[in-house]
Structures are given as structure tokens and as C-alpha cells.
Amino acid sequence: MNGPIGASAAGPAELLAVWETGLAQHPSDRSMLLHRAARPGAGTDELLSVPVGQREADLLALRRALFGERMQVRVECGACGEEMEFDLDTRVLGAGAELPREPLRVTEGEWVVEFRLPTVADLTAAATASDPAQARGLLVRACTVRALRHGEPVGADALPGLLPERVERRIAEAAAEADPTADVRLTVACPECGDATPAELDITSYLWTELDTWARDLMLDVHLLATAYGWSEPEILALSPLRRRYYLELCADV
């Protein structure tokens, strides 16, 4: 069984409720569920309006509170198939610069585009697109504050069919530089063949997997202690992790 979780705003009963709700959800919907746990009391509109990188930083902070600062990451080498495993410090991942408050600006050729960082709502809408080009178009329309071509204003709705690929690329690069936590990508060198393998860190999936393992282990603890002592689930969950483990050790000695 895994060790006790660290300090957090939510206790074991609340976290079990989060896990139980998430079991019935599609994996893509669990980000909002976990974000609510990271920001207790925040409403849906508030959670949807934060920049994507802020949500990721919130989830990393929740992960640190529940399971500690070190993450164990496994990546398969793209060249030789070697299974690589290493520790990652979540404090480094979540320590980005302060997000800009003013719109960002890209100047490329005849184009000047001012835009804001994508929010969770923007990303959710883009995820419904049928292909990557349509998704980019939805993000461009949602995030553009002002666009000029040869000094003349261009409406945001017209941009997806007009913006050259090089301008879209510059916008994506500027957004990634301003909000690096929004898309964490790792490059791992294989100790066997030396090839570098890129890997994307999906904090929602990673945190959910850890929460799922923790919840199932905790329910087994509850089952064993209830069987041994006749205690109810709330009584067992009210025990500190240290006392719970001690009682489990006593059960094993019987």
C-alpha cells in the first residue's frame, strides 16, 4: 500500500468523493474536477477563465500537496524501445514567470496581431474541432484582440482563412514563451542508444492515475480495519495516516 498523502485543503473523505465522481467521467473531463480540488470554492466560470498554464500550475501544486515534490516519469525510447525512468521535480515545472496582463503582439510582414493567452474555455472549445486546422482557427478567433493587415483592421472571424502559416506559428511561439507551463514537453536522452526522445507531460492524466491508486489502496485499508475493529468508514478516515498505518500493522501481526 502507498504511503500517506501530504497536507492539502481536502481531507481523505473529500478526495475519495473527487475520485468517485471522476470514475464516471471521460478522461478529458477530469481536468475540471481536479482543478476544483486545487481551487476549493472557485466557480465554474472562474476555472474556465484562467489561462491554460495557470490551470496546469494549479494541478502541479495540488499534486505536490498530495503526493510530494518528486514525480516518477516513465518514457519509452523512440529509437530502441528502452524503458526509461527518472524523477522530476514539480517545483521546477510550476515555477514559471508571471503571466502577462496585457495582450501579446506579433509583427510579421504586413501583419500585426495582438492576442491574449488561451484560457481553459478556449482550449475546451478547440477540443471539439474535427481537425487541427479547425482547432487553430477556433483559438485564433477566440484569442485575437486586434489584427491589422497593411495597417487596416481585420475581423477575428476572417483571420483563420487569411493568416499565413508563418504568422500563426509566430503567435503559437509567443504564447508558449509567455505561458510555458501550458504545454510541458520533456526531452529525455536514452542511456542505451543515446537518442533523444520528446515526451509531453499530461499532468491531469498523471495526477488522476496517482489519485486512483491512492483511493483504491485507502479503500482496502478501510476494508481491513472495518473487518478487524468494526469501525465505520468515516471513523477510519478520521484517523491520521500514521495511526491508520499503525493499526494495519497490528492487524497483520494477529
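Here, each number is a calculation from the coordinates, and none is a lab measurement. Please read these numbers as outputs of a predicted model, since none were measured by experiment. Heads up, the Cβs are rebuilt from the backbone with ideal geometry, glycines too, and the neighbour counts pull from every protein chain shown.
Every helix of 4 or more DSSP H residues in the chain counts as -39500 (n - 2.57), and over all residues that averages to -15500 deg cm²/dmol at 222 nm. Only Lys, Arg, Asp and Glu carry charge here, each on its Cβ (+1 for the first two, -1 for the last two); on that basis region 198-244 has a dipole of about 280 debye about its Cα centre. Here region 142-190 yields Rg over Rh of 1.13, to two decimals, using C-alpha coordinates and the Kirkwood radius. Taking the chain as a Gaussian network of alpha-carbon nodes connected by springs under 10 Å, the highest mean-square fluctuation of the residues TRP208, TRP19, TRP231 belongs to TRP231. Among ALA38, ALA24, ALA126, the largest mean-square fluctuation in a Gaussian network model of the chain (Cα springs under 10 Å) belongs to ALA24.
Divided by 2.2 N^0.38 Å, where N counts the residues, the Cα radius of gyration of region 43-85 comes to 1.71. Residues considered: CYS190, CYS80, CYS143. Largest GNM mean-square fluctuation over the chain, using C-alpha springs under 10 Å, is found at CYS80. Arranged from fewest to most other beta-carbon atoms within 10 Å of their beta carbon, LEU162, LEU117, LEU248 become LEU162, LEU248, LEU117.
Coupling constants for region 22-33 follow from the phi torsions by the Karplus curve (6.51 cos²θ - 1.76 cosθ + 1.60, θ = phi - 60°), and in residue order they are x, 4, 8, 9, 5, x, 5, 8, 6, 4, 5, 4 Hz; glycine and proline get x. Below 8 Å between Cα atoms, with a sequence gap of 6+, how large is the relative contact order for the chain in percent? Relative contact order, the chain: 20 percent. Take the Kirkwood radius over Cα pairs of the chain, plug it into Stokes-Einstein at 20 °C and 1.002 mPa s, and you get 101 µm²/s for translational diffusion. With neighbour counts taken as other beta-carbon atoms within 10 Å, the residues ILE203, ILE236 rank, fewest first, as ILE236, ILE203.
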